[in-house]
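What follows is a short report on a single structure.
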Amino acid sequence: MSKAATFQDPMFQDEDKAREALEAVRWPDGPICPHCGNSNPDLIAKIEGKKRSHRPGLHYCNECKGQFTVTVGTVFERSKVPLTKWWMAAHMMNAGKNGVSAHEIHRSLGVTYKTAWFMMHRLREAMIVAKPGAMGGSGTAIQADETYYGNTSKRSKYYRRGHSRKAVVVALVDADTGEARTFHMRSGVGANEVRTILVTNVDRKSTLVTDESKLYTKSGAEFDGHQTMNHTGNEYVNAMGFTTNNVENFFGVFKRGMRGTYTFCGEQHLQRYLTEFQFRYNNRSGLGIGDGERTAKALKGIEGKRLTYRPTN
């Protein structure tokens, strides 16, 4: 289906339909008061009428005597941007593996560039998984690798050769489930920092699969097994059949998207961009997840995440 046909859906055109779609995503079993957590339908009333004081979709909680709409307590709270445009931005952001630039959102939705930029950061905030469990387990292989990002333009007055001048990105990929996790780390990161990431995110009954970097030598001994690739000798599948191709493929998509779509990213925002690529990778079409479902899953994470302009500026 083309983008034009997709955007003919009522939730991209009608504000009431957009709100109802968001309510269905956030409250699949009925409204829940964000102030007190009450979900008893007998104690929550929808305020309907044509008074100017009544916001569309307003609910009243008889438990705490508070009023709320579907955007209260979310990254959309107090936003003046219509929900139809939030849905369009979320869909555009999740429809392609390389993402979408804030300038394209700005032109397509008719909002200012500053608004589009802030909208995208709010959507990236929604993509964060609050409390992820341990990756892997007995009989599984977790691929780990690092890459370096930034300070690549030789025309920049700050350009210096060497990895010590670049931001470090560490990624973990479970080849069995297709799950990826990414971490932005300061430049000059060492084996101790990498070990902290590994032992706090990966079940030690897993087999760790890496290249021959010394960053993983010591921590690899703490896992059930440690398989390595000799990339210097052009080895990409070792004698035991293990590979790091999955995590390297993730880095390939990330770098193409950052170069081709976003062009530049300040290091203070790098983790947010990593979160975006990680979310799309973990909900990719190869796992049977379509664009619409991916967008809905992204908006399920809007709750309990308040993001103001100051922290992103």
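The values are calculated or read from the model by the stated rules, or taken from the named source; none is laboratory data. Bear in mind the structure is a predicted one, so any value in this text is a computation, not a measurement. Glycine gets a Cβ as well: all are built from the backbone with ideal geometry, and neighbour counts include every protein chain shown. Remember, those area values only see protein heavy atoms, side chains included, never the ligands or the DNA or RNA. Shrake-Rupley method; radii C 1.70, N 1.55, O 1.52, S 1.80 Å.
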Practice problem: Kindly provide the set of residues from the stretch 13-42 that are touching a Phe, Trp or Tyr at 6+ places or on another chain (Cβ under 7 Å) and assigned to a loop (DSSP other than H, G, I, E, B), ordered by number. | Solution: Cys33, Pro34, His35
Quiz item: Does Leu274 qualify as being at pLDDT 95 or above and assigned to a helix (DSSP H, G or I)?
Solution: yes
Quiz item: If we scan the stretch 223-244, do we find a residue that is of a type outside the set (Val, Ile, Thr), touching a residue at least 60 places away in the same chain (Cβ under 8 Å) and either under 15 Å from Val169 (Cβ atoms) or in contact with a helix residue (DSSP H, G or I) (Cβ under 6 Å, 6 or more places away or on another chain) (or both)?
Solution: no
Quiz item: Is it the case that Ala24 is open to solvent by 50 Å² or more (accessible area, probe 1.4 Å) and of a type in the set (Gly, Ala, Ser)?
Solution: yes
Self-check item: Members of the stretch 92-113 that are of a type in the set (Ser, Thr, Tyr) and open to solvent by less than 30 Å² (accessible area, probe 1.4 Å)
Solution: Ser101
Quiz item: Among (1) basic (Lys, Arg); (2) within 25 Å of Ile289 (Cβ to Cβ); (3) modelled with pLDDT under 95, where does Lys166 come up short?
Solution: (2)
Self-check item: Residue check for Val189: among the β-branched types (Val, Ile, Thr) and in a loop (DSSP other than H, G, I, E, B)
Solution: yes
Quiz item: Going through the stretch 292-313 one residue at a time, which ones are open to solvent by 60 Å² or more (accessible area, probe 1.4 Å) and at pLDDT 90 or above?
Solution: Glu293, Lys297, Lys300, Glu303
